[in-house]
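One structure below.
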Amino acid sequence: MNCIALLGQPNSGKSTVFNQLTGSRQHVGNWPGKTVEKKDGVYSYKNTKYTLVDLPGSYGLSGNSDEEIITEKFIKGGEADLVCVMVDASQLERSMYMLADFAAMNVPAILILNMMDVATGQGKKINAKLLSERLGIPVLPFTAADGKGYDELKALIEKELKKPHKLITAPDITVKEGYEDSEKMLLDGNEKYIWISKILEGVTKASVTEYKLSRFDKLILKPFWGKVVTIGIILVGFLAAMLIMSPFMGVASMLPKALGAPISNFLTGLHVHPWLVSVFSMLIPNTLYFCISMASFVFGVNVVFGFLEEIGFLARTAYQFDGALSKLGLQGKAVAPILMGMGCTIGGASGTRVMDGWGQKMLAMMVVWAVPCASIWSIIPVISGMFFPAWGTALVCIGIIAYIFVLMFIVSKVFGSKLVPEESRAGMIMELPPYHKAHWKYIIKDSWIKCFDMFKRALRTVTLVSILFWGLSFSPSGNVESSLLYKIGTFIEPVTKFFGMGWRTFVAFISAAFAKEAVLGTLNAVFAGQSNVADVAFNAGTGSVDKMALSAIMTQTISGAEALAFMFACTFSVPCLMALSTTYKESHSLKWTVKTAGFYIIAALVLSCIVYHIALPFLG
Amino acid sequence: MKLSEMRASTHGTVKSLWRDERFLSRITSIGLTEGADFQVVKNDRKMPVLVYVRETLLALNRKDCEKIEVMEVQG
């Protein structure tokens, strides 16, 4: 099969082309021996199949990061039959740098002038024909995100594979004797830009020499008010995300009821064992509901953030928060995943792929875990309200928000120097792209791919875990006390008591690590004993919980101090099973995924212990 | 003077860059080379510096800007 490689700087639209061409026929893995992600996919054109490789994002090919070394080796190794070099037509001179770096490689190539819509909007004219003559390779003006022009691209690739072209010119990078490495790099850099200006002479004209910030930018980039407006826009974004996902959630929430009774009746009629009836009528519909609601969360958050990214807003946010984030060993770019994490940790974890390099990405993921997602905020006020007056609940919320920053700081102190060593810490160097219109079709398609992928993974993982949980908590009599879970729970209670949680809250704490939505249901099951723990554990709905009754039993059974310790432990433990799975998928490192989960569980228990013992004299 | 010390709306030329390979490779690939002309678009205290260079608006971390020696020129 012919192998096509995509090469370009971040923001050149490389992944857009990759996603549009391959759709869902993608495979994501690792480059051998490295934590760098390898993305390849397949597309067909005129009954011929082509492999497409998305080369790891880098700004150049000078071999200064794992990504750059891999990319350079791959191209030099001649594994690709054709390299598609992508540049941003709206910032041609600068983005041609990648081509200048690539020029020495002497392999067949084409040049894709992406974002022609933006360039045209800026009044830029580019003479693609002249550019092609000078370079000796075909040049294709393109707008990757609007979904058009792909047939032309495929046809060009087909043609070039038959009769390939190589660059006929390259920057004059001759061996410079007697210079230090950094000096050579500097001189080579200059040569590359000289080459670029020669190539571009007469091809395009630099449009403006004086840059003026737009009125919106003047507001959004203000040190204080800019941050306020930015946060306001993000909050509106979350509301929009909820609106987007509510229809899916609504339909999914009807599944357990709609499927439960008919399946149960049908199977009972067949004299199937009640145990199996319960699996098919309760567990499976609930798991399905749970997975759909999670996937719709991911969909909503991705649509909104995809939009904010595409119009150029997120880059401004990175500018705003670079200072704060560099204190954590991160940089401005980490702000988008952290903000996404406020909606959904899964979205936040996958959003860390914008980071430069694996270490920063892993650290950003660990920091994202510290951000309580939207689901947590739907349970904390309920539980707190059972034990404390309104002002007390407000205090609990403030305490939780304050601890987010403490935890982020602890994470960065514990893991920062390992993941992003001091000497390799790179400050933010990023472009603020011009604002442009969003390509909705692409945003929705891309979010759909992510959401579907998430759904598939959730179905696998959640089914497995819920069967396990279900088995542990199955009780033939319907009473919690005859379940295995109760036996284990009460057995280890002396230990959990030390951390401030009795066996009931501890079981709910464990279920919170699977899904935050499960917490109220689990509490109901272990305290009221009315339903099976497993039946509720993965039931994202809390509607069936009688909060008044639960409140009465809970306040009788446990102390305010234990409730408080439990709330903190729940909030800052492993966010959920799928966040864990996504962290593994994104980091490609089992070791670090386990480390992250281990750290969060231990940190949550220690936190619970501290909170409990401090609160005991007051709330005992 | 350092890039971080330049006022907004002034123009300048890069005089010299800090000799560190990682830094050089990043900063070169994004368009800042010795001799490059640029405009400082915004420079607020404790915020990254906004620089317009080679038709691109860049946000540069403040600390990194201290590694860039520049010369002001009359725009």
Legend entry - When residues of the range A:11-48 are limited to those that are of a type in the set (D, E, K, R) and within 21 Å of A:G149 (Cβ to Cβ), the one modelled with the highest pLDDT: A:K46
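Mind checking which strands (runs of 3 or more DSSP E) fall wholly inside the range B:15-75 and carry at least 3 residues that are open to solvent by 10 Å² or more (accessible area, probe 1.4 Å) and more than 8 Å from chain A (Cβ to nearest Cβ)?
B:68-73
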Inset, instruction - Find the residue count for the range A:543-580, including only residues that are over 30 Å from A:D453 (Cβ atoms), part of a helix (DSSP H, G or I) and open to solvent by 20 Å² or more (accessible area, probe 1.4 Å). - result: 11
Legend entry - Of all residues making up the range B:1-14, the number that are within 25 Å of A:I194 (Cα to Cα) and either at the interface with chain A (Cβ under 9 Å from one of its Cβ atoms) or not in a strand (DSSP E or B) (or both): 2
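Being within 25 Å of A:G202 (Cα to Cα) and within 14 Å of chain B (Cβ to nearest Cβ) narrows it down to one residue among A:A100, A:A104, A:A170, A:A109; which is it?
The conditions single out A:A100.
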Inset, instruction - Mind listing whichever residues of the range B:25-75 are over 14 Å from B:V14 (Cβ atoms), among the β-branched types (V, I, T) and modelled with pLDDT under 95? - result: B:T56
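Residue-wise test of (1) open to solvent by 20 Å² or more (accessible area, probe 1.4 Å); (2) in contact with a Phe, Trp or Tyr (Cβ under 7 Å, 6 or more places away or on another chain); (3) closer than 30 Å to B:V41 by Cβ.
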| residue | (1), (2), (3) |
| --- | --- |
| A:I112 | no, yes, yes |
| A:S132 | yes, no, no |
| A:G202 | yes, no, yes |
| A:E210 | yes, no, yes |
Legend entry - Segments classed as helices (runs of 4 or more DSSP H), wholly inside the range A:200-284, with at least 3 members that are over 30 Å from A:A119 (Cα atoms): A:225-269, A:274-278
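Give the residues of the range A:318-330 that are open to solvent by less than 10 Å² (accessible area, probe 1.4 Å) and touching a Phe, Trp or Tyr at 6+ places or on another chain (Cβ under 9 Å), sorted by residue number.
Listed by number, the list holds a single entry, A:G329.
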Inset, instruction - Starting from residues that are under 25 Å from A:K124 (Cβ atoms) and facing chain B (nearest Cβ under 8 Å), keep the ones in the range A:212-236 and report whichever is surrounded by the most Cβ atoms within 10 Å (Cβ to Cβ). - result: A:L221
Legend entry - Residue among A:S375, A:S384 that alone is open to solvent by less than 10 Å² (accessible area, probe 1.4 Å), hydroxyl-bearing (S, T, Y) and under 20 Å from A:L607 (Cβ atoms): A:S384
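The values are calculated or read from the model by the stated rules, or taken from the named source; none is laboratory data. Predicted, not measured: the structure shown is a model, and the values here were computed from it. Cβ atoms come from the backbone with ideal geometry, glycine included; neighbour counts cover every protein chain shown. Only protein heavy atoms, including side chains, enter the accessible area calculation; ligands, DNA and RNA are left aside. Shrake-Rupley method; radii C 1.70, N 1.55, O 1.52, S 1.80 Å.
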